Amino acid sequence: MQLPVRDKATREVIGEVPVATRDEVARAVDAARTAFDSWSRVPVVERARALFRYADALERHKEELAISVSRENGKTLADARGEVRRGIEAVEFACSMPSLMMGDALPDVASGIDSVSMRYPLGVCAGITPFNFPAMIPLWMFPIAIAAGNTFVLKPSPQTPLTSQALLSIAHASGFPEGILAVVHGEAPTAEALIDHPDVAAISFVGSSNAARAVQARAVGAHKRVQALGGAKNYLIVMPDAVTQSTCDALIASAFGGAGQRCLAGSVVIAVGSSGDRLAPLLVEAAGSLRLGRGVDDGVGMGPVVSDAAIERIGGYVERARAAGAQLLLDGGTVPSGGTFVAPVIFDRVDPSSELARDEIFGPVLAIVRAPSLDDAIAMANASRYGNASSIFTNDGGNARAFASRIAVGMVGINVGVAAPMAFFPFGGVKDSIFGDLRCHGKDAVAFYTQQRVVISRWPQDSSSF
Ligand code: NAD
């Protein structure tokens with residue numbers, strides 16, 4: 001069976017991928033298992049060289065990758081270029097594997113006894129990725145796993161699988177040995193076949209919280225290592241001393257970039273004290289002037305959402321909020337024909353306990369909530385079931401510091417609308433934004449894709465005491 005892939009701005013079919021059966025998944029894992037035997041014995045410096053060549057090849061293909069992302073996902077070309085850049089940075093991070101994999105050593109832990117800890121690869125690792133970053137999220141996973149000596153089978157989102165195919169072709173063209181990277185396609189059953197395969201040692205998952213919870217439970221049930229990053233609801237707190245055009249621009253980019261379909265999208269602004277009355281008109285003006293269109297076209301400020309199902313889900317939230325009396329400041333309006341477009345929506349004075357303020361809507365809908373103080377704002381944000389990212393906008397270092405120490409999220413922004421850690425820091429949240437302990441990229445990923453072994457040795461110089 002073939003899975004058609006559409007340009008989200010036109011609904012035109014731009015490619016198709018085959019859905020893998022359980023047997024085909026097993027064959028991909030078997031090949032990766034065979035390749036692991038030799039790849040894991042390739043010296044780490046040579047594995048790093050393969051990653052250097054891959055980074056260089058990606059650099060040469062970055063524009064075609066960005067166009068692929070923009071077409072199959074819908075995001076603007078500028079956004080897609082940024083995503084590819086972040087992905088290449090993860091490959092560059094993987095190039096440091098000889099240093100990253102180094103262990104610890106301590107001589108004379110007891111009389112005549114030394115100890116060293118060393119990191120070894122796990123075997124075949126699998127990745128299951130979402131639609132919203134078709135290049136960057138796969139690149140968070142397989143380059144680091146492969147540099148550490150593992151082999152990898154990737155199952156990308158069925159909504160955006162073409163960029164993964166391109167990443168695979170570039171890997172082969174850059175000299176990746178046969179079998180160390182494979183891509184299989186399909187929906188949840190394909191992912192489950194990967195999780196269930198006895199030769200898959202570790203699962204990296206990024207997607208919605210319900211799927212992340214199910215993936216983690218399934219993998220743990222099979223006694224496998226798992227990191228499952230889930231959904232998000234990110235709160236952006238604005239203090240009265242920070243109502244400026246640059247704050248407004250950062251909020252708009254956070255809420256409406258990628259049509260609100262980022263796990264770091266700020267979808268609730270908590271306006272503290274007097275800031276709301278001054279901020280709301282600025283936000284309405286800026287969001288209302290975003291030009292909707294095809295992501296690859298010049299001058300487009302926001303592309304389509306991913307599907308008709310997404311339009312229906314987002315529209316449902318807007319209708320229910322409207323019916324419940326939330327104050328609608330900006331109402332979508334007309335959208336370009338052809339694609340799956342939703343225009344920006346802004347509600348003000350939203351009830352902090354309403355679904356608009358609590359659920360992950362994953363679309364271009366911004367809720368403004370009013371809070372009397374920073375303490376109230378932090379309490380509101382911390383009541384969320386999610387804990388991915390949160391930002392404060394303020395000119396006061398004391399408030400910024402208090403926020404950073406008390407906000408219950410994994411990624412904290414201070415006067416930054418999208419608090420995205422770069423590849424050498426870990427990426428991930430807390431609470432229902434992650435299932436599992438270790439995050440993506442940074443040193444967490446090195447720990448996730450390797451197994452530690454401690455060697456304790458006793459070498460007496462005098463062989464009579466051996
Ligand atoms: P999704 O959960 O629908 O799908 C993600 C992947 O999981 C896809 O490959 C899908 O085929 C697969 N899948 C779905 N259900 C599954 C199941 N029960 N078992 C195994 N695999 C399953 O997510 P999506 O709509 O593609 O992406 C959007 C979601 O991803 C949002 O919730 C967003 O917040 C989240 N996300 C989180 C992060 C993060 O870093 N925490 C980053 C990006 C996206």
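The values are calculated or read from the model by the stated rules, or taken from the named source; none is laboratory data. These numbers come from a predicted model, not from an experiment. Neighbour counts run over all protein chains shown; Cβ positions are idealised from the backbone, glycine included. Keep in mind that these areas ignore ligands, DNA and RNA; they rest on the heavy atoms of the full protein, side chains included. Shrake-Rupley method; radii C 1.70, N 1.55, O 1.52, S 1.80 Å.
Close contacts from the stretch 73-94, counting a first residue that is free of Cβ contacts under 8 Å to residues at least 40 places away in the same chain and a second that is open to solvent by less than 10 Å² (accessible area, probe 1.4 Å), with Cβ to Cβ under 6 Å and a gap of 6+ residues or different chains, come to R81/A66. Of the residues P138, P143, P134, P177, the single one that is part of a loop (DSSP other than H, G, I, E, B), in contact (Cβ under 8 Å) with a residue 40 or more places away in the chain, touching a helix residue (DSSP H, G or I) at 6+ places or on another chain (Cβ under 7 Å) and surrounded by 24 or more Cβ atoms within 10 Å (Cβ to Cβ) is P134.
Can you find a residue that is at pLDDT 95 or above, more than 16 Å from the ligand (Cβ to nearest atom) and more than 16 Å from the chain's Cα centre (by Cα) anywhere in the stretch 357-365?
Narrowing the stretch 357-365 to residues at pLDDT 95 or above: 357-365.
Checking the rest, the ones that are also more than 16 Å from the ligand (Cβ to nearest atom) come to 357.
Applying the additional criterion that residues be more than 16 Å from the chain's Cα centre (by Cα) yields 357.
Yes, because at least one residue in the stretch 357-365 is at pLDDT 95 or above, more than 16 Å from the ligand (Cβ to nearest atom) and more than 16 Å from the chain's Cα centre (by Cα).
Inside the stretch 248-263, residues that are open to solvent by 10 Å² or more (accessible area, probe 1.4 Å) and either within 20 Å of the chain's Cα centre (by Cα) or not acidic (D, E) (or both) make up a count of 7. Within the stretch 439-461, the set of residues being within 13 Å of the ligand (Cβ to nearest atom) and either more than 15 Å from M411 (Cβ to Cβ) or not assigned by TED's automatic domain parsing to the domain that holds I128 (or both) comprises A445 only.
Looking at the stretch 77-99, is at least one residue open to solvent by 40 Å² or more (accessible area, probe 1.4 Å) and outside any helix (DSSP H, G or I)? Scanning the stretch 77-99 turns up at least one residue that is open to solvent by 40 Å² or more (accessible area, probe 1.4 Å) and outside any helix (DSSP H, G or I). Within the stretch 48-76, the set of residues being acidic (D, E) and either under 20 Å from R119 (Cα atoms) or open to solvent by less than 10 Å² (accessible area, probe 1.4 Å) (or both) comprises E72 only.
Could you identify the single residue in S373, S289, S353 that is open to solvent by 30 Å² or more (accessible area, probe 1.4 Å), touching a strand residue (DSSP E or B) at 6+ places or on another chain (Cβ under 8 Å) and of a type in the set (S, T, Y)?
Working: S289 fails: touching a strand residue (DSSP E or B) at 6+ places or on another chain (Cβ under 8 Å); S353 fails: touching a strand residue (DSSP E or B) at 6+ places or on another chain (Cβ under 8 Å).
That would be S373, the only listed residue that is open to solvent by 30 Å² or more (accessible area, probe 1.4 Å), touching a strand residue (DSSP E or B) at 6+ places or on another chain (Cβ under 8 Å) and of a type in the set (S, T, Y).
Cβ separations smaller than 7 Å between residues 6+ apart or across chains give the following pairs from the stretch 158-171 residues that are open to solvent by 30 Å² or more (accessible area, probe 1.4 Å) and assigned to a helix (DSSP H, G or I) to residues that are modelled with pLDDT of 95 or more and within 16 Å of the ligand (Cβ to nearest atom): L162/V5; L162/E72; Q165/V17; Q165/V183.
Taking the condition of being within 14 Å of the chain's Cα centre (by Cα) and near the ligand (Cβ under 10 Å from one of its atoms), how many residues in the stretch 135-159 meet it? Final tally of qualifying residues: 5. Among the residues of the stretch 206-229, are any within 24 Å of I368 (Cβ to Cβ), touching a strand residue (DSSP E or B) at 6+ places or on another chain (Cβ under 7 Å) and open to solvent by less than 10 Å² (accessible area, probe 1.4 Å)? Checked the stretch 206-229: no residue is within 24 Å of I368 (Cβ to Cβ), touching a strand residue (DSSP E or B) at 6+ places or on another chain (Cβ under 7 Å) and open to solvent by less than 10 Å² (accessible area, probe 1.4 Å).
Every listed requirement among (1) open to solvent by 50 Å² or more (accessible area, probe 1.4 Å); (2) part of a strand (DSSP E or B); (3) not aromatic (F, W, Y) is met by L330 save one, (1).
Would you point out the residue of the stretch 180-192, among those that are open to solvent by less than 30 Å² (accessible area, probe 1.4 Å) and within 13 Å of the ligand (Cβ to nearest atom), that is farthest from S40 (Cα to Cα)? In this case the residue turns out to be G186.
Just for strands (runs of 3 or more DSSP E) wholly inside the stretch 193-312: which have at least 2 residues that are within 12 Å of the ligand (Cβ to nearest atom)?
Ranges flagged: 200-206, 225-229.
In the stretch 386-406, which residues are in contact with a helix residue (DSSP H, G or I) (Cβ under 8 Å, 6 or more places away or on another chain), outside any helix (DSSP H, G or I) and farther than 22 Å from C248 by Cβ? Working first, answer last.
Filtering the stretch 386-406 for residues in contact with a helix residue (DSSP H, G or I) (Cβ under 8 Å, 6 or more places away or on another chain) gives 386, 390-396, 399, 402-403, 406.
Subset that is outside any helix (DSSP H, G or I): 386, 390-396.
Result: Y386, single match.
Of the set (1) at pLDDT 95 or above; (2) open to solvent by 50 Å² or more (accessible area, probe 1.4 Å), all apply to G316 but (2).
Residues in the stretch 428-445 that are out of contact with any Leu (no Cβ under 8 Å at 6 or more places or on another chain) and either open to solvent by less than 10 Å² (accessible area, probe 1.4 Å) or of a type in the set (D, E) (or both): D432, D437, H441, G442.
Here V454, V418 are screened, and the one residue that is over 29 Å from L279 (Cβ atoms), in contact (Cβ under 8 Å) with a residue 24 or more places away in the chain and either open to solvent by 20 Å² or more (accessible area, probe 1.4 Å) or β-branched (V, I, T) (or both) is V454. Please verify whether the stretch 111-118 includes one or more residues that are surrounded by fewer than 24 Cβ atoms within 10 Å (Cβ to Cβ), in a loop (DSSP other than H, G, I, E, B) and more than 15 Å from the ligand (Cβ to nearest atom). Yes, the stretch 111-118 contains a residue that is surrounded by fewer than 24 Cβ atoms within 10 Å (Cβ to Cβ), in a loop (DSSP other than H, G, I, E, B) and more than 15 Å from the ligand (Cβ to nearest atom). Right, F393: among the aromatic types (F, W, Y) and either in the same structural domain as A94 (by TED's automatic domain parsing) or within 30 Å of A94 (Cβ to Cβ) (or both) or not? Here the answer is no, as F393 does not meet what is asked.
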